[in-house]
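The values are calculated or read from the model by the stated rules, or taken from the named source; none is laboratory data. Predicted model only: the values in this text are computed from it and were never measured. Don't worry about glycine lacking a Cβ; one is built from the backbone with ideal geometry, like all the others, and counts go over all protein chains shown. Calculation scope for accessible area: heavy atoms of the full protein, side chains included, ligands and nucleic acids excluded. Shrake-Rupley method; radii C 1.70, N 1.55, O 1.52, S 1.80 Å.
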Amino acid sequence: MDGNGMPPAPITSIGEPLPMVDGPEKIAGKALYTSDFYDPSALAGAIKRSTVAHARIVSVDTSAAEALPGVHAVITGSETDEGHGVLPISRTELPIAHDKVRYKGEPVAAVAADSIEIAIKACDLIVVEYEELPAYYTAEDALAKDAVDLHDHREGNIERHVEFEIGDVDGGFADADLVHETEYHCAEVCQVQTEPHAAYVEYDGERDELTVRASTQVPYYVHLMLSKILKMPKSKIRVIKPYVGGGFGCRTEALNVEMITAMLARRAKGTVRTVVSREDTFITHRGRQEQTIKIQMGMTKDGRITAVDCKTIQRGGAHSGYGIVTILYAGSMLFAIYDLHNVRYDGKRVLTNTPPCGAFRGHGTVNTRHAFENAMDEMSKKLGLDPFAVRRVNLIPELGFTASDQWINSYGLPECLDIVEKASGWKERIGKLPPGRGLGLGCSHYISGASKPVNWTGEPHATVNLKLDFDGTVVILTGASEIGQGSNTILVQCVAEVLGIDPSRVKVVDADSRVTPKDNGSYSSRVTYMVGNAAIEAANNLKGMLVEAAARKLEVSPEDVECLGEVYRAGTQDEGMTFEEVVMAALEGTGTITAKGNFDTLPESWGGKKYRGAAIGGTMAFSYAAQVVEVTVDPDTADITVDKVWVAHDCGKALNPLTVEGQIQGSVWMGMGQALTEETSYHDGLLISGNMLDYRVPTFVDSPPIEAHIVESNDPHGPFGAKEAGEASLAGFLPALTSAVANAMGVRVHELPVTPDRLLQLLEDKERKMRSAAE
Amino acid sequence: MENMPEFTLHRPDTAAEAVKLKSSDSTSRYLAGGTDMIVNVRRGIETPETMIDLTAIADIAAIATDGDGLRIGAGAKLADLAVDETIIREYPAVAQAAASVAGPTHRAYGTIGGNLCLDTRCLFYNQSQWWRESNNFCLKHKGDVCHVAPGGKRCFAAFSGDVAPAMMVYEAKIDLEGPNGSRTIPLADLYRNDGMDHLTLEQDELLVSIRLPKAGPGAVSAYEKSRVRGSIDFPLAGCAVRLTEDDGKIADLRIALTAVNPYPQMVNGLADFIGKALDDDALDAIRELVQKQAKPMRTTTVRPWYRRRVVGALARKLTVRLAG
Ligand SMILES: Cc1cc2nc3c(=O)[nH]c(=O)nc-3n(C[C@H](O)[C@H](O)[C@H](O)COP(=O)(O)OP(=O)(O)OC[C@H]3O[C@@H](n4cnc5c(N)ncnc54)[C@H](O)[C@@H]3O)c2cc1C
Ligand code: SF4
């Protein structure tokens, strides 16, 4: 009994809007990001970049640079002959180009010097002789018959061609009342995370060892790639991930910045700190590819989709990166949102002389989803159906396996639709808005971690260690990468919930290869689901030990111990033991306790029985989202104002409603950037928009009110029922926006982003047509 | 990257001393808020060995009324112009233009002097050293071709300051101080139609202040710019309108444009509208006239035809709004 006569109870952490555990350090400016590591003896690293798009490197003369006072190391492509890359089958990218450069901006040399100014001067003194080759900046040019291959092993510049047919597509079209074909084009976009890329590498010459700090989402992959390109045993390398200022997928693979810095440090036998510019960060890229999507869809007159034929081409850039995964996702993620049975897919990932693309938030799904949802909207108009009604007749009728063998265990899309329909006043308002205003609907989904790891090693998907000692602090040791998304907070909540203790008792030590268990990293929305489950298992194991210790002391059997979090007792009349007392009891004879938890996916979720590509897109749980966007369009300038967004996201269970809401709003907002303002542009392969003025991320002023609703479908396998919360709400914004503009103005923009000049052009064309029709 | 090329910084506290320091080194540059200059230094567009920081000169920072109107020191911050009560009341277009520049932090540092003396802008010019080198530079800096109009020998980089047109519709004058003494000229005469050399300032001349004559009775004004985002962006096209009406007829109309030419420009031919009613025909004619005189080129990522369309639309819209 406490002072109020209430019996003590376990403290609830799950479902509580707990502020982020690392918030105070960030707000106070005390959090150390990679570039905050600074030692007076640290050398400055700088990268010299190619000025041509495609060329054989004839020679690199570094003599003048090496002679410059203050220069400690100059390296070129000959520093390593080992390629890097995510997939073992496509490790053809070198940290520094060797025989050939393939895009403007590719590193050709690097320097470590006493100051950044000297390092830059030295870079300027390096003379590279190129023998230029034909360069291709569009997928179309790279695919042309007589095009020169960028890579020897990729004939015709095709990185990967994926084809499949599931069901009977032609039969499906024959059954349709309406067959409609439409085409969409999405510009290339970048993540533009707050923190530019940085690496801080200390080389210990005595021991031939490296300590690496880098702004990465995947310290483990960085570790592997460093070992490979440096030809150093993994045991000689330590990788630490400091605070990271966002990633959104641009740091989901080892980047040349950290590899080059490591090579420089070893060569200079010292510490090298490289903080690249915003332009360099844009060029390092790994953003979402430019893509054309052609969709043919068959529908019955009540809106049921009878067949889908999707052809798509992605401009992947000069190296593979995640490209093969991206083009596979674009196909497999056609499924698992609606009840589809007949689907044909033809996807080409093309190599071009532009910076390499990567895994941007909503990886692989966003552009295809945009075209798909627009096709549904166009067809609902033709059939005289309400867009909500068309979504509803296509809902998945029961949980289980899709026609492509993807496993669905929870499905909150119906509820998402109901919520946004009601919240936006859709029924009352659609078709009755004044001229220039419109509403649009878009749905989307995402995975909660890829069920098959990219690199199969036989290890569990996730491992968490807990350490408990005399001070009664539960320390979570995790390799999971907190990059601002809140993974440390979620792990604290999971562990505190299982133990029923005050979450302030739980601390996190994260992402240091020497201390924490290995983790694959923060991507594909795997962390909450997989690492969260591992944390729960670890906490249960720890709880078991504590209960046993309490039982010993209370002289009862473990089953009779009641764990109330901060108090353990044997019967309701018993005063019990405090948590600290239980801890001391547990330490008797054994000392410091470590408990461990693992997580592994179930084989049913691996996908891949119906066609090989389905393994990419296999997950333990799909999340769902629906959103309605309202816009006002100025008829004279075609300026679009997003008045409001209503979004509902099925995240299984909101472990922390505060951070879930933040993720939903962030996703919507990022989708808005891609839909309205963001695009990279090139001039002869040279990135024009490599700065934050010409690459237009929306500002505060442009941010609409976003009303986020959380739907909890309680996934049977998720940690406390949770699944993905940080990606699915992105993709739906794009089609909701184009549909809202179509609703407002009667024209549909097929090219993203919907900038005012693109829209005005269509409005003028329409007016001209109407005028000539009237004459 | 944290690169900052080396230079010597002087911080004089009088205008006369600033001019003297400036003339002692031919590579030197004036530095006010630095919101444009420092970007250009980091990009290697400007390579001064000496910079003359103007922020310690107290008497060029004030905003004060005198008998003839308003005197705004060149060192006054844009954020101050935007909230100055006299400016909001008497010269609303100027306050609106100042408030529309860049973002809040830029306005807190950026001065009106720097805004009026802003370099012209172009996609092929406002880029890093590496970028421009990869593109063989261009006429405006180090190169011998123009990537916007490859055949010609002219530079079309656009003047993209917001405040100049708003001041020009009030026939602002500027006080200049140089090694050979001081002079006062119309603000419009500060500019010429040449993207490479758009300022008529003489060597080492310093802009000291701007004079806005007393606004005529009944005159109302407004400024608006087209941009993709609601903040940060330079104008794709900007338009200031000052209108005086008399009994439903146009008594006086001035329109000035920015970002659609290498210089901020008064629209010619508006005298023809004096005495006319502000009906649809007149408004359409005003739009046409504005569109004709705007000559945007491919100096931004947004296409020129749109910028021309939109500047006409802005002129029409603002005129309608002012007519109330
Ligand atoms: C991201 C970004 C967005 C921007 N957006 C806009 C925008 O929307 N609209 C806009 O108008 N501007 C914009 N700017 C440019 C700039 O911020 C403003 O024009 C600002 O007013 C410049 O003033 P400053 O005092 O910082 O000038 P500085 O950068 O110090 O100087 C600019 C130029 O003027 C010269 N100069 C300064 N004072 C004097 C003087 N008294 N006499 C003679 N020469 C002088 C300098 O030598 C230099 O050549 C933007 C800048 C950035 C970085
Ligand atoms: S208009 Fe031509 S010359 Fe002028 S800055 Fe642009 S590319 Fe250079």
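Classify the stretch A:22-128: rounded, prolate or oblate, from the alpha-carbon gyration tensor (a ≥ b ≥ c, eigenvalue square roots; a/c under 1.5 rounded; otherwise prolate if a/b is larger than b/c)?
Working: a/c = 2.55, a/b = 1.32, b/c = 1.93.
Oblate is the answer for the stretch A:22-128, as a/c is 1.5 or above yet b/c matches or exceeds a/b.
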Worksheet entry | Residue-averaged [θ]222 nm for chain A, counting only DSSP H segments that reach four residues, each worth -39500 (n - 2.57) | -8000 deg cm²/dmol
Practice prompt. Once you have the Kirkwood Rh of the stretch A:481-582 from its Cα pairs, apply Stokes-Einstein at 10 °C and 1.306 mPa s and quote D in µm²/s.
Written response: 106
Fill in: Residue order for A:Y624, A:Y243 - accessible surface, 1.4 angstrom probe, largest first
A:Y243, A:Y624
Response to the item:
Given backbone amide H placed at 1.01 Å from N, residues whose amide H is under 5 Å from that of A:D643, ignoring those fewer than 5 places away on the same chain, are A:E630, A:V631, A:T632
Item to complete: From largest accessible area down, sort B:M266, A:M620, A:M745; use a 1.4 Å probe on the protein chains.
Response: B:M266, A:M745, A:M620
Worksheet item: In whole angstrom, how far apart do the alpha carbon centroids of the stretch B:182-261 and the stretch A:600-638 sit?
Response: 51
Discussion item. For a quick size check, give me the Cα extents of the stretch B:1-58 along its three principal axes, largest first, whole Å.
Written reply: 35, 22, 14
Worksheet item: How about A:K100: which aspartates and glutamates have a C-alpha closer than 15 Å to its C-alpha, ignoring those fewer than 8 places off in the same chain?
Response: A:E79, A:D81, A:E82, A:E129, A:E131, A:E132, A:D149, A:D152
Worksheet item: Does chain B come out rounded, prolate or oblate by the C-alpha gyration tensor, with a ≥ b ≥ c the root eigenvalues, rounded set by a/c under 1.5 and, if not, prolate when a/b is larger than b/c and oblate if not?
Response: oblate
Discussion item. I'd like the distance between the alpha-carbon centres of the stretch A:679-749 and the stretch A:378-448, rounded to an integer number of Å.
Written reply: 17
Item to complete: When a/c is below 1.5 the answer is rounded, else prolate if a/b is larger than b/c, else oblate, so apply that to the stretch B:220-323 with a ≥ b ≥ c taken from the square roots of the Cα gyration tensor eigenvalues.
Response: prolate
Worksheet item: Taking +1 at the Cβ of each Lys and Arg and -1 at the Cβ of each Asp and Glu, which of A:G83, A:L264, A:S451 sits farthest along the dipole of chain A towards its positive end, judged by Cα position relative to the Cα centre?
Response: A:G83
Worksheet item: If amide H atoms are built 1.01 Å from N in the plane of the peptide, which residues on other chains or at least 5 residues away come under 5 Å of the amide H of A:L43?
Response: A:T271, A:V272, A:R273
Discussion item. Which one, A:F700, A:A9, A:Y184, projects farthest toward the positive side of the charge dipole computed for the protein assembly as shown from Cβ point charges (K/R +1, D/E -1)?
Written reply: A:Y184
Fill in: Rounded to whole Hz, the Karplus (6.51, -1.76, 1.60) HN-Hα couplings of the stretch A:42-52, x for glycine and proline
5, 8, 8, x, 9, 10, 8, 10, 5, 9, 10
Discussion item. Give me a comma-separated list of calculated 3J(HN,Hα) values for the stretch A:685-701, in order, Karplus coefficients 6.51, -1.76, 1.60 applied at θ = phi - 60°, integers in Hz, x for any Gly or Pro.
Written reply: x, 9, 5, 6, 9, x, 8, 7, 8, 8, 9, 9, 6, x, 9, 3, 4
Discussion item. Principal axis extents for the stretch B:217-261, Cα atoms only, whole Å, descending order, please.
Written reply: 39, 21, 15
Worksheet item: Using heavy-atom solvent-accessible surface (probe 1.4 Å) with all chains present, what is the largest-first order of A:R288, B:R316?
Response: B:R316, A:R288
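Per-residue mean of other chain beta-carbon atoms within 10 angstrom of the beta-carbon, peptide B:123-132?
The per-residue average across the peptide is 6.
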Worksheet item: Can you list residues whose amide H is under 5 Å from A:Y136's amide H, if they're 5+ apart or on another chain and H is modeled 1.01 Å from N?
Response: A:N353
Worksheet entry | Net charge dipole size for chain B [Lys, Arg +1 and Asp, Glu -1 on Cβ; Debye, nearest 20] | 1260
Discussion item. Let me spell out the model: positive unit charges on the Cβ of Lys and Arg, negative unit charges on the Cβ of Asp and Glu, origin at the Cα centre of the stretch A:606-691. What dipole size does that give, in debye rounded to 20?
Written reply: 940
Worksheet item: Roughly how compact is the stretch A:88-179, stated as its Cα Rg over 2.2 N^0.38 Å to two decimals?
Response: 1.81
Practice prompt. Among the listed pairs A:K104/A:K294; A:K145/A:K348; A:K26/A:K518; A:K452/A:K609, give every one whose C-alpha distance is greater than 19 Å.
Written response: A:K104/A:K294; A:K26/A:K518
Discussion item. Taking the Cα centre as origin and putting +1 on Lys and Arg beta-carbons and -1 on Asp and Glu beta-carbons, what dipole magnitude results for chain A, to the nearest 20 debye?
Written reply: 860
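Note the direction-averaged projected area, equal to a quarter of the hull surface, for the Cα convex hull of chain A, in nm².
For the Cα atoms of chain A, the hull's average projected area reads 37.2 nm².
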Worksheet, complete the sentence: Taking the alpha-carbon centre of each part, the distance from the stretch A:87-109 to the stretch B:35-80 in Å is 46
Worksheet item: Dividing the convex hull volume of the alpha carbon atoms of the stretch A:632-733 by its residue count, what do you get in Å³ per residue?
Response: 133
Item to complete: Output ³J(HN,Hα) for the stretch A:619-634: one whole-Hz value per residue in order, computed from phi by the Karplus curve 6.51 cos²θ - 1.76 cosθ + 1.60 with θ = phi - 60°, and x for Gly and Pro.
Response: 8, 6, 7, 9, 9, 9, 8, 9, 8, 10, 10, 10, 10, 10, 10, 7
Item to complete: Largest first and to the nearest Å, give the Cα extent of the stretch A:509-569 along each principal axis.
Response: 46, 24, 17
